[in-house]
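Undergrad: Mind looking over this structure? Questions follow.
Please treat every number below as a calculation from the coordinates, not as lab data. These figures come from a predicted structure and were not determined experimentally. Glycine also receives a Cβ, built like all others from the backbone with ideal geometry; neighbour counts cover every protein chain displayed.
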Amino acid sequence: MDSARLGRTDLELSRLGLGCGNFGGIGSAPELFGRGETREQAFALMDAALAAGITFFDTAASYGGGRSESWVGHWREERGAPVLLSSKVYWPVTGDPDDRGLSRDRILREIEGSLERLRADRLDLYLTHEPDPETPIEETLRALDDLVRSGKVGAIGASNVDAAQLEEALEASDRFGLASYEWVQNEYNLLERGSEDGVLSVCKREGLGFTPFSPLAGGWLTGKYRRHEAYPVGSRMTLRPEPYEELENEQTFRAIENFEAAAAERGVEPATLAVAWVLSHPQVTAVVVGPRRPEQLDAAVAALAVQLSWQERDELANLFA
């Protein structure tokens, strides 16, 4: 599989990363801890990803209430697989709504839990999962700087940030001589293009990497959600629909039908074309995909062979304008 250097770091990421957010839960939602993929299913997904050449695994302390990190750690130990580990800090691991944020004490506590669950001495990649409005960015960055200097973390990044938040953090790192965010991990797909409003420009200017997640918009861009039809059992729209409810309208269904036709013209699956569209942006280092079954990886891997010009990217984007 092709690889790409992550921003200004010396880390090489496979151009597809395995998102482990459904291992033992559905993301960080406490009410869904224990749902999602079982341990055996998670191991099968990781085996399939490694066989496909994916060597960048993305998880978070809060995914599945710690189950995701634990299963990734056990799998990595059993297989002896040389994968790059990426995890995140912000949301609670226990489900306690008050145990969240990016304060210094919490970051220093949470990294120890992550390392223990992942059975690792250090993390290659560590992300702030969300901005914390209650903690000064300087405090957060000083804690992250300590982790980098101590060797517990290789590089730090930010997830779910806007351009202003990213600029503030980069300026603070420069002003205080602290470790700086080296990449951004935001949702980015044909239905969610918010990062085009500044974040991608900052990444380009500063030489940062960009590893977007949810290239299929929670499954919407596969075409599996149909108007006037029940959504598939176990899908995001039956388990955790809130982030995508605004897509339930005639305009979206019509755009997706046109997108399916565009994929058929190219002889590929809609999921393949959706991932290829994200991969084709020049600022994208790697795309984090979250298959529910091993065979779903095929569509993402096939996207690596689809080349799109800027004109073709614009034409596909305009279907969703």
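Undergrad: What does the net charge come to around CYS20 if you take all other residues with beta carbon closer than 10 Å to its beta carbon, with K and R at +1 and D and E at -1?
TA: On the way: positive: ARG67; negative: GLU37, ASP58, GLU69.
It works out to a net charge of -2.
Undergrad: Summing Lys, Arg as +1 and Asp, Glu as -1, what charge do residues with Cβ under 15 Å from the Cβ of PHE253 carry, PHE253 excluded?
TA: Numbers: positive: LYS224, ARG226, ARG227, ARG254; negative: GLU229, GLU245, GLU246, GLU248, GLU250, GLU257, GLU260.
So the surrounding residues net to -3.
Undergrad: Can you give the three extents of the C-alpha atoms in region 95-142 along their principal axes, from longest to shortest, in whole Å?
TA: If we take the Cα atoms of region 95-142, the spans are 31, 25, 16 Å.
Undergrad: List the residues, sorted by chain then number, that are 5 or more residues from LEU127 or on another chain and whose placed amide H is less than 5 Å from its amide H.
TA: SER87, LYS88, VAL89, GLY157
Undergrad: Enter the Cα centre distance for the pair region 54-110 and region 163-214, rounded to the nearest angstrom.
TA: If you average the Cα positions of each part, the centres end up 21 Å apart.
Undergrad: Please list 3J(HN,Hα) in residue order for region 91-103, calculated via the Karplus relation 6.51 cos²θ - 1.76 cosθ + 1.60 where θ = phi - 60°; whole Hz, with x for glycine and proline.
TA: Going residue by residue, I get 7, x, 8, 8, x, 5, x, 8, 9, 8, x, 10, 5 Hz, with x marking Gly and Pro.
Undergrad: Using a 10 Å cut-off on Cβ atoms, rank the peptides 13-21, 115-123, 180-188, 238-246 from the highest mean neighbour count down.
TA: The peptides rank, most packed first, as 13-21, 180-188, 115-123, 238-246.
Undergrad: Still on this model: Take each of the peptides 90-99, 51-60, 268-277, average the number of other beta-carbon atoms within 10 Å over its residues, and list them starting from the highest. Could you put the intermediate results ahead of the total?
TA: Details: 90-99: 15.0, 51-60: 21.8, 268-277: 23.4.
Top to bottom by mean Cβ count within 10 Å: 268-277, 51-60, 90-99.
Undergrad: Now, a different point. Against the 2.2 N^0.38 Å scaling, with N counting residues, where does region 196-252 land? I'd like the Cα-based Rg ratio to two decimal places. It would help to have the intermediate numbers written out before the result.
TA: Numbers: Rg = 15.3 Å, N = 57, 2.2 N^0.38 = 10.2 Å.
Cα Rg divided by the expected 2.2 N^0.38 Å: 1.50.
Undergrad: Any chance you could list the semi-axes, whole Å, largest first, of the equivalent ellipsoid that the Cα gyration tensor gives for region 266-317, using √(5λ)?
TA: Numbers: eigenvalues 74, 32, 13 Å².
Largest first, region 266-317 gives 19, 13, 8 Å.
Undergrad: I've got another one for you. Given Cα pairs under 8 Å that are at least 6 residues apart, what percent is the relative contact order of the chain?
TA: Numbers: 612 pairs, mean separation 54.7, N = 321.
Answer for the chain is 17 percent.
Undergrad: Could you give me the ³J(HN,Hα) list for region 219-226, computed from phi with Karplus coefficients 6.51, -1.76, 1.60 and θ = phi - 60°, whole Hz, x at Gly and Pro?
TA: With coefficients 6.51, -1.76 and 1.60, one gets x, 4, 7, 7, x, 7, 9, 10 Hz.
Undergrad: Could you tell me what a quarter of the Cα convex hull surface of the chain works out to, in nm² with one decimal place?
TA: Values: hull surface 61.3 nm².
For the Cα atoms of the chain, the hull's average projected area reads 15.3 nm².
Undergrad: Still on this structure: Looking at region 235-321 from every direction and averaging, what is the projected area of its Cα convex hull in nm²? It would help to have the intermediate numbers written out before the result.
TA: Details: hull surface 25.6 nm².
With every direction weighted equally, the projected area is 6.4 nm².
Undergrad: Something else now. Running Debye on region 33-160 with equal point scatterers at the Cα sites and no solvent, what base-10 log of I(q)/I(0) appears at q = 0.12, 0.17, 0.23 Å⁻¹?
TA: -0.44, -0.86, -1.41
Undergrad: Oh, and also: Over all pairs of distinct alpha carbons, what does the Kirkwood formula give as the hydrodynamic radius of region 97-187, in Å? Kindly include the intermediate steps, with their values, before the conclusion.
TA: On the way: mean 1/r = 0.0755 Å⁻¹.
The answer is 13.3 Å.
Undergrad: Okay, next question. What per residue convex hull volume, in Å³, do the alpha-carbon atoms of region 1-66 yield? Show your work: numbers first, answer last.
TA: Values: hull volume 5.2 nm³, N = 66.
Expressed per residue, the convex hull around the Cα atoms of region 1-66 is 79 Å³.
Undergrad: Based on DSSP, what percent of beta bridges with both residues in region 1-86 are antiparallel, to the nearest 5? Provide the component values of the computation, followed by the final result.
TA: Numbers: 3 of 9 bridges.
If we restrict to bridges inside region 1-86, about 35 percent are antiparallel.
Undergrad: Compute the helix-to-body angle for 163-176: its Cα long axis versus the longest principal axis of the chain, expressed 0 to 90° and rounded to tens.
TA: 20 degrees
Undergrad: Among DSSP bridges having both ends in the chain, what percentage is antiparallel? Round to the nearest 5. Don't jump to the answer; show the numbers that get you there.
TA: Working: 4 of 29 bridges.
Close to 15 percent.
Undergrad: Here's something else I'd like to know. Expressed as an acute angle from 0 to 90° and rounded to the nearest 10, what is the orientation of the C-alpha long axis of helix 39-51 relative to the principal long axis of the chain?
TA: Here the helix axis deviates by roughly 80 degrees.
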